[in-house]
Amino acid sequence: MIATEPKASITGGEFLIKETPASQVFIPEEFSEEQMMIAATCREFLEREIWPRLDEIDKAKSPELISSLMDKAGELGLLGTSVPEQYGGFGTNFNTSMLVAEVTGAGHSFSVALSAHTGIGTLPIVYYGNDEQKSKYLPQLASGEWKAAYCLTEPDSGSDANSGKTKAVLTEDGKHYVLNGQKMWITNGGFADIYIVFAKIEEARDGGPSQTDKNLSAFIVERGYEGITMNEPEHKMGIKGSDTRQIFFNDCKVPVENLLSERGNGFKIAVNILNIGRIKLGIAAIGGSKEVINHAVNYANERMQFKTPIAQFGAIKHKLAEMALKVYASETASYRAGQNIDDLIEDLKEQGMEDSEAKLKALEQFAIECAIMKVHGSEVLDYVVDEGVQVYGGMGYSADAPMDRAYRDARINRIFEGTNEINRMLVVDMLLKRAMKGELDLMGPAMAVSKEIMSIPDFSSDEEEGLFVAEKKVVRNLKKAALMVSGAAVQKFMMNLSNEQEILMNVADMAIEIYVAESVLLRVEKLIGIKGEEAVALQKQMALVYLHEAVEKVNSAGRSAITSFAEGDELRGMLMGLKRFTKIEPMNLKDARRQIADAMIAEGKYIF
Ligand SMILES: Cc1cc2nc3c(=O)[nH]c(=O)nc-3n(C[C@H](O)[C@H](O)[C@H](O)COP(=O)(O)OP(=O)(O)OC[C@H]3O[C@@H](n4cnc5c(N)ncnc54)[C@H](O)[C@@H]3O)c2cc1C
């Protein structure tokens, strides 16, 4: 393992206003042997148990197969990575659980069942359960003896998750809550033994109408309780082997001791658990993407047209390189954020905070990065599967070749764990809220940028020497562009900015590209320091091409935002500022992409 320098404390969202030295970011090359062994175990499991059965899993008429595969994963210990050791799990750190999510992310329907169980199903008890609840449920969930599902969504309550109508009423003897309501789209619904159910507590008022809490509460509901019925599995576009149901609670009596955390705390639990799920979904999408690239490179090497393997055509090389560099960049940023979370957990524990509280606090701190990585990872996967189909040509459209399933299965990732629209809005909303609370100084740097637009351009760093000096200036300028646009939008709309969703989407896109482009540059800088420039020449090309593309995207999103609200001199001034802040020295991107593609073509797979 490579020694990492002691870290300065980093806070969530700070990347927009602060530079991070390369020595302080975690890079995947720093995973320990033990972590790589865990990853290898996951991969062997997919190779042995899942990939040979993908058709069988998708065509299964009952959930028995997927449930039995979960049992096998449990026997190998794959279900207990995030469960503390004292409750029968492995209590691994956050980045190790991300690594497990990445590798198992290539498991199609199985990976959805696995992540619903280990994530949204189990983690509410890990983080919010009391000792009795943890002792009663976690050992069985870690071993896979019991499976879990998470019941938040309802027919009329999706993105607006706190608007659910499911009710919980305390019985007169005070021993049970009686649940009534309908949940929808519940992954693992058909075979789960434990349901985390979100409902609002309703209370009778003396003589008057009963009152319902404003916020959800969360309950641990066992399958064996009376009053639970369900529909047949949903017919879905993809992830067909994942068991998704509507579940009905009809006078379902839940013991009061199964209330999770406190009354009214359910929405907070739901949000925090989804937040963890988000970054893991992002990295799982990257695991899936790598497998698609492996197939695509292989096929491109084998498929002959015009007496030439199609891998030799520039148009195909372009696709392969783009797929790879987007995946490489997304992976980099996800593990950077994962390590920030791990570091903060350790800091908080050293300050005396209890384990699960420290984890929740750290995850909340980096909620902006978690939302960023959910959006980025899921959109990279969609890009990769779409180009994967194209590389396969007609065979991409055949249900007997691997791209068909990959294409259909990928699409859900932009919808669940908060749609990508909701996550984009969350990115900006959280940034601005932190700025208003004084936790993140966005206003100071934003004002400095507006002054800078009026002044002559700064060429100072052009004389600096060192690695990526020019590229780092580009990233600094992209941050200025984001601050300029968001600062002006806040000034213009003040509290009404939330009604300008198109602008929020643009600002989120700018933030996302900046975070990822900076991360990949820092990874390569660190790698060059360790291995030398020659050894990582291709990685350097990937970082540079990514940066060029990020500049274009930031420019386009910035332009779209500015033209949405500015006029006259202000419009012209801001567009000039944007032009200044999105300058980059041109390079031969075609040659860079060819080098990246050629290296993969030679090896017949994704090699980074
Ligand atoms: C296969 C599958 C598995 C799932 N598994 C689970 C599970 O295990 N447990 C669970 O609880 N849920 C689960 N879900 C539900 C999932 O989380 C929701 O589908 C998702 O949150 C979106 O909610 P919705 O479908 O009601 O869409 P809607 O909220 O109706 O959204 C429709 C569209 O409107 C947009 N939109 C909504 N609100 C806004 C807004 N304020 N501003 C701008 N745009 C907006 C959305 O982005 C989207 O594009 C699953 C869903 C599927 C399809």
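The values are calculated or read from the model by the stated rules, or taken from the named source; none is laboratory data. A quick note: this is a predicted structure, and the numbers were derived from the prediction, not measured. When we count neighbours, we look across all protein chains shown, and the Cβ atoms used for this are built from the backbone with ideal geometry, even at glycine. Heads up: the accessible areas ignore ligands, DNA and RNA and are worked out on the full protein's heavy atoms, side chains in. Shrake-Rupley method; radii C 1.70, N 1.55, O 1.52, S 1.80 Å.
Filter the helices (runs of 4 or more DSSP H) completely within the stretch 45-160 down to those with at least 2 residues that are more than 28 Å from residue 385 (Cα to Cα). Reasoning before the result, please.
Values: elements: 54-59, 64-75, 94-104, 109-115, 123-128, 131-143.
Output list reads 64-75, 123-128, 131-143.
Please work out if residue 267 is within 16 Å of the ligand (Cβ to nearest atom), in a strand (DSSP E or B) and either open to solvent by 30 Å² or more (accessible area, probe 1.4 Å) or under 30 Å from residue 599 (Cβ atoms) (or both). I'd like the intermediate steps shown before the answer.
Numbers: within 16 Å of the ligand (Cβ to nearest atom): yes; in a strand (DSSP E or B): no; either open to solvent by 30 Å² or more (accessible area, probe 1.4 Å) or under 30 Å from residue 599 (Cβ atoms) (or both): yes.
No: the conditions fail for residue 267.
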Worksheet, complete the sentence: The lone condition residue 597 fails out of (1) open to solvent by 50 Å² or more (accessible area, probe 1.4 Å); (2) closer than 28 Å to residue 391 by Cβ; (3) in a helix (DSSP H, G or I); (4) not polar (S, T, N, Q) is (1)
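Sort through 588, 555 and tell me the only one that's out of contact with any helix residue (DSSP H, G or I) (no Cβ under 8 Å at 6 or more places or on another chain) and at pLDDT 95 or above. It would help to see each step written out before you state the result.
Values: 555 fails: out of contact with any helix residue (DSSP H, G or I) (no Cβ under 8 Å at 6 or more places or on another chain).
Being out of contact with any helix residue (DSSP H, G or I) (no Cβ under 8 Å at 6 or more places or on another chain) and at pLDDT 95 or above holds for just one of 588, 555, which is 588.
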Worksheet, complete the sentence: Of the residues in the stretch 356-374, those that are open to solvent by less than 50 Å² (accessible area, probe 1.4 Å), closer than 25 Å to residue 30 by Cα and in a helix (DSSP H, G or I) number 13
Worksheet, complete the sentence: Here the qualifying pairs (Cβ atoms under 8 Å; residues six or more apart or on different chains; first in the stretch 9-25 and closer than 20 Å to residue 346 by Cβ and hydroxyl-bearing (Ser, Thr, Tyr); second open to solvent by less than 40 Å² (accessible area, probe 1.4 Å) and part of a loop (DSSP other than H, G, I, E, B)) come out as 11/440
Worksheet item: Of the residues in the stretch 381-415, how many are surrounded by 24 or more Cβ atoms within 10 Å (Cβ to Cβ) and among the β-branched types (Val, Ile, Thr)?
Response: 3
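Return the total of residues in the stretch 516-535 being crowded, with 22+ Cβ neighbours inside 10 Å and either of a type in the set (Val, Ile, Thr) or within 17 Å of residue 23 (Cβ to Cβ) (or both).
Of the residues in the stretch 516-535, the ones crowded, with 22+ Cβ neighbours inside 10 Å are 516-526.
Imposing the further condition that a residue be either of a type in the set (Val, Ile, Thr) or within 17 Å of residue 23 (Cβ to Cβ) (or both) reduces the set to 516, 518-526.
Residues flagged as crowded, with 22+ Cβ neighbours inside 10 Å and either of a type in the set (Val, Ile, Thr) or within 17 Å of residue 23 (Cβ to Cβ) (or both) within the stretch 516-535 amount to 10.
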Worksheet entry | Residues that are in contact (Cβ under 8 Å) with a residue 24 or more places away in the chain and more than 9 Å from the ligand (Cβ to nearest atom), drawn from the stretch 153-164 | 162, 164
Worksheet item: Restricting the search to the stretch 241-257, which residues are in contact with a helix residue (DSSP H, G or I) (Cβ under 8 Å, 6 or more places away or on another chain) and crowded, with 22+ Cβ neighbours inside 10 Å?
Response: 241, 242, 243
Worksheet item: Would you call residue 234 within 16 Å of the ligand (Cβ to nearest atom), free of Cβ contacts under 8 Å to residues at least 60 places away in the same chain and either over 21 Å from residue 159 (Cβ atoms) or in a loop (DSSP other than H, G, I, E, B) (or both)?
Response: yes
Practice prompt. For residue 537, indicate whether it is farther than 25 Å from residue 485 by Cα, assigned by TED's automatic domain parsing to the domain that holds residue 515 and touching a residue at least 24 places away in the same chain (Cβ under 8 Å).
Written response: yes
Item to complete: Those residues that are open to solvent by 50 Å² or more (accessible area, probe 1.4 Å) and either among the polar types (S, T, N, Q) or within 7 Å of the ligand (Cβ to nearest atom) (or both), I need them from the stretch 416-429; list them, please.
Response: 416, 421, 422
Discussion item. Can you report the number of residues in the stretch 394-405 which are touching a helix residue (DSSP H, G or I) at 6+ places or on another chain (Cβ under 7 Å) and either outside any helix (DSSP H, G or I) or within 16 Å of the ligand (Cβ to nearest atom) (or both)?
Written reply: 3
Worksheet item: Can you name every residue in the stretch 169-206 that is away from the ligand (no atom under 16 Å from the Cβ) and in a strand (DSSP E or B)?
Response: 169, 170, 176, 177, 178, 180, 201, 202, 203
Item to complete: Only one of these is of a type in the set (Gly, Ala, Ser), within 16 Å of residue 425 (Cα to Cα) and either touching a residue at least 12 places away in the same chain (Cβ under 8 Å) or in contact with a Cys (Cβ under 8 Å, 6 or more places away or on another chain) (or both): 482, 446, 470, 488. Name it.
Response: 482
Worksheet item: Listed residues 127, 137, 150; which is touching a strand residue (DSSP E or B) at 6+ places or on another chain (Cβ under 7 Å), touching a residue at least 60 places away in the same chain (Cβ under 8 Å) and away from the ligand (no atom under 16 Å from the Cβ)?
Response: 137
Discussion item. Any residue at all in the stretch 430-453 that's among the charged types (D, E, K, R), under 30 Å from residue 11 (Cα atoms) and within 16 Å of the ligand (Cβ to nearest atom)?
Written reply: no
Worksheet item: What's the number of the condition residue 222 fails, among (1) within 12 Å of the ligand (Cβ to nearest atom); (2) under 22 Å from residue 67 (Cβ atoms); (3) open to solvent by less than 60 Å² (accessible area, probe 1.4 Å)?
Response: (1)
